[in-house]
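Notes follow the structure.
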Amino acid sequence: MSTTAVGGKGPRGSTTPPSLRRSSNRTGERIIIVLLQAAAILSVVITIGIVISLVLPALSFFREIGLVEFFTGTRWTPTFADPEYGVLPLIVGTLWTTAIGLLVAVPLGLGAAMFLSEYASTRVRRILKPVLEVLAGIPSVVLGFFALNFIAPSLLRGLLGIEVGTFSVLAAGVVLGVFIIPTIASLSEDAMSAVPDSLRQGSAALGANRMTTTLKVVFPAAISGIIAAIVLGISRAVGETMILAIAAGNQAQIIADPREGAQTMTGYIAQAATGENPPGSLAFNTLFAVGLTLFAITLLINLLSIRLVRRFREVY
């Protein structure tokens with residue numbers, strides 16, 4: 001016997017006609033679409049506003065200082081009596097700290113991702129992954145003092161016997177690597193967990209052990225997500241401020257030895273944006289010139305990431 005009542009009620013006693021329910025659903029979908037479109041447009045508008053706020057003061061700077069001098073000069077002394085505006089020392093310092101950070105973060109991050117995805121039980125993964133992600137919530141200023149008061153004196157000088165000064169690119173880079181480990185580990189683990197189990201089962205059926213399956217089946221299948229995680233880690237390392245401002249030093253110089261101190265682009269911005277330089281002055285506009293350079297570098301990294309992800313992406 002049918003459960004529908006004579007009066008048009010459904011199984012649960014609903015009296016709403018199907019046409020009205022469909023109309024209500026369509027209205028809700030339209031509202032959601034409008035909200036999503038507004039969020040997307042707002043994101044674009046904010047990005048455009050950031051670019052404009054950087055470009056206009058930077059153009060005033062480049063009217064007085066040529067691009068060739070800015071990008072090829074080897075001395076950065078904008079506040080000296082005889083100022084020079086070669087940004088190359090800041091770029092070199094940024095590259096040093098980013099490279100050292102990646103040397104620390106990529107092996108540890110990918111190792112943690114492999115363990116959580118392929119070896120850890122569900123219970124262990126449920127405990128360890130949130131703990132790993134908590135590391136990303138530690139304020140970077142705390143990590144900067146950690147580099148200054150523990151990594152340099154106790155780990156590098158005391159335990160490893162590496163002669164470093166109070167401020168060094170090496171100590172800053174090591175802690176910067178610790179800072180980006182959660183980003184690389186969490187995103188890489190998500191990419192590896194998304195690989196279908198059928199690939200693992202097929203590899204096991206052919207006699208491969210778990211390590212071989214992880215390295216030769218799961219890892220290549222998740223490579224696009226892993227590349228995206230590493231590139232996002234690079235972007236975070238390039239844009240990190242407080243760790244580098246505290247631990248790397250504020251001496252803008254081109255170095256060949258990471259045990260020395262150097263200044264990065266973000267470190268200079270943090271140091272110079274203290275209100276000492278009057279707005280509109282050439283020294284003040286150096287902040288925007290360096291900021292625009294940093295923005296351009298980060299944009300290039302992200303564009304490269306998109307291209308690599310599309311090239312190596314696997315669809316299952």
Pairs returned, first residue in the range 177-189 that is farther than 22 Å from ALA248 by Cα, second residue that is aromatic (Phe, Trp, Tyr) and surrounded by fewer than 23 Cβ atoms within 10 Å (Cβ to Cβ), beta-carbon separation under 9 angstrom, 6 or more apart or interchain, are GLU189/PHE115
Just to be sure, is ALA237 in contact (Cβ under 8 Å) with a residue 60 or more places away in the chain, closer than 30 Å to THR77 by Cα and assigned to a helix (DSSP H, G or I)?
-> yes
Among the numbered conditions (1) of a type in the set (S, T, N, Q); (2) at pLDDT 90 or above; (3) loosely packed, with under 13 Cβ neighbours inside 10 Å, tell me where SER24 comes up short.
-> (2)
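Yes/no per residue for (1) in contact (Cβ under 8 Å) with a residue 12 or more places away in the chain; (2) among the hydrophobic types (A, V, I, L, M, F, W, C); (3) out of contact with any helix residue (DSSP H, G or I) (no Cβ under 7 Å at 6 or more places or on another chain); (4) farther than 30 Å from MET114 by Cα:
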| position | (1), (2), (3), (4) |
| --- | --- |
| ALA229 | yes, yes, no, no |
| GLY275 | no, no, yes, yes |
| SER281 | no, no, yes, yes |
| ASN302 | yes, no, no, no |
Under 9 Å between Cβ atoms, at least 6 apart or on separate chains: pull out the pairs that start in the range 124-136 with a residue that is of a type in the set (Gly, Ala, Ser) and end on any residue that is modelled with pLDDT of 85 or more and buried (at least 16 other Cβ atoms within 10 Å of the Cβ).
-> ALA136/PHE179; ALA136/ILE180; ALA136/ILE181; ALA136/PRO182; ALA136/THR183; ALA136/SER186
What do you reckon, is ILE162 farther than 18 Å from LEU244 by Cα, surrounded by 15 or more Cβ atoms within 10 Å (Cβ to Cβ) and either in contact (Cβ under 8 Å) with a residue 12 or more places away in the chain or among the basic types (Lys, Arg) (or both)?
-> yes
Out of (1) outside any loop (DSSP other than H, G, I, E, B); (2) surrounded by 19 or more Cβ atoms within 10 Å (Cβ to Cβ); (3) aliphatic (A, V, I, L, M), the one ALA262 does not meet is (1)
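Taking the range 271-296, which residues are part of a helix (DSSP H, G or I) and polar (S, T, N, Q)? Spell out the reasoning first.
Taking the range 271-296 first, the residues part of a helix (DSSP H, G or I) are 271-272, 282-296.
Scanning the range 271-296 gives GLN271, ASN285, THR286, THR293.
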Could you please give the count of residues in the range 186-212 that are farther than 15 Å from ILE234 by Cβ, small (Gly, Ala, Ser) and part of a helix (DSSP H, G or I)?
-> 8
Residues of the range 292-311 being of a type outside the set (A, V, I, L, M) and either surrounded by fewer than 16 Cβ atoms within 10 Å (Cβ to Cβ) or modelled with pLDDT of 85 or more (or both), in sequence order, are THR293, PHE295, THR298, ASN302, ARG307, ARG310, ARG311
Residue in the range 219-240 that is buried (at least 16 other Cβ atoms within 10 Å of the Cβ), over 22 Å from the mean Cα position of the chain (by Cα), more than 19 Å from GLY101 (Cβ to Cβ) and not small (Gly, Ala, Ser) present = no
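The values are calculated or read from the model by the stated rules, or taken from the named source; none is laboratory data. Model, not experiment: these values are computed from the prediction. All Cβ positions, glycine included, derive from the backbone under ideal geometry; neighbour counts span all protein chains shown.
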